Amino acid sequence: MVTGLVLVKLMPGKEKQALSKLKALKCVVHMSAVFGRWDLVLDMETDDLPTLSNTVVQEIRPIPGVLTTETLVTTSI
């Protein structure tokens, strides 16, 4: 299992449309709205790193209203 945080910047006026599509993704286990440079933090769980990468590139970035993302792969301390 691979866990990661995906930081998402949304396009003003398209937030609701993007949020509904992001919530529908099965690998998104939690979503937090935040203030600052990013608008959302998605907690994600996938079977492996290629699946996490493909989900971000092929499913999250094409959503209308998503401007940009940054993916942080978590690790144990």
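Quick note: the coordinates plus some simple rules give every number you see, no bench work behind them. Note that the coordinates shown come from a computational prediction; the quantities given were computed from them, not determined experimentally. All Cβ positions, even for glycine, are placed from backbone atoms using ideal geometry, and neighbour counts span all protein chains on display.
With only alpha-carbon atoms in the gyration tensor, what are the semi-axes of the equivalent ellipsoid for segment 2-73, in Å, largest first? Show your work: numbers first, answer last.
Details: eigenvalues 70, 30, 22 Å².
In descending order, the three semi-axes are 19, 12, 11 Å.
Put +1 on the Cβ of every Lys and Arg and -1 on every Asp and Glu Cβ in the chain; which of 38, 58, 73 then has its Cα farthest towards the positive end of the dipole?
Value computed over the given set: 38.
Whole-Hz Karplus ³J(HN,Hα) for segment 43-48, in order, using 6.51 cos²θ - 1.76 cosθ + 1.60 and θ = phi - 60°, x for Gly and Pro?
8, 10, 10, 9, 5, 7
In nm, to one decimal, how far is the residue 32 label point from the residue 75 one, both placed 7 Å along Cα→Cβ?
For residue 32 paired with residue 75, the spin-label model returns 2.1 nm.
Report the trypsin sites (Lys or Arg not before Pro) located in the chain that are in a DSSP loop and have at most 14 other Cβ atoms inside 10 Å of their Cβ, or state none. Could the numbers behind the result be given before it?
Details: sites: 9, 14, 16, 21, 23, 26, 37; in loops: 14, 26, 37.
Qualifying residues, ordered by number: 14, 26, 37.
Nearest 0.05, what FRET efficiency do residue 47 and residue 9 give at R0 = 30 Å with Cβ-Cβ as r?
Values: r = 27 Å, r/R0 = 0.89.
Given R0 = 30 Å and the Cβ-Cβ separation, E is 0.65.
Given a cut-off of under 8 Å on Cα pairs at least six residues apart, what relative contact order in percent is computed for segment 2-73?
The value is 51 percent.
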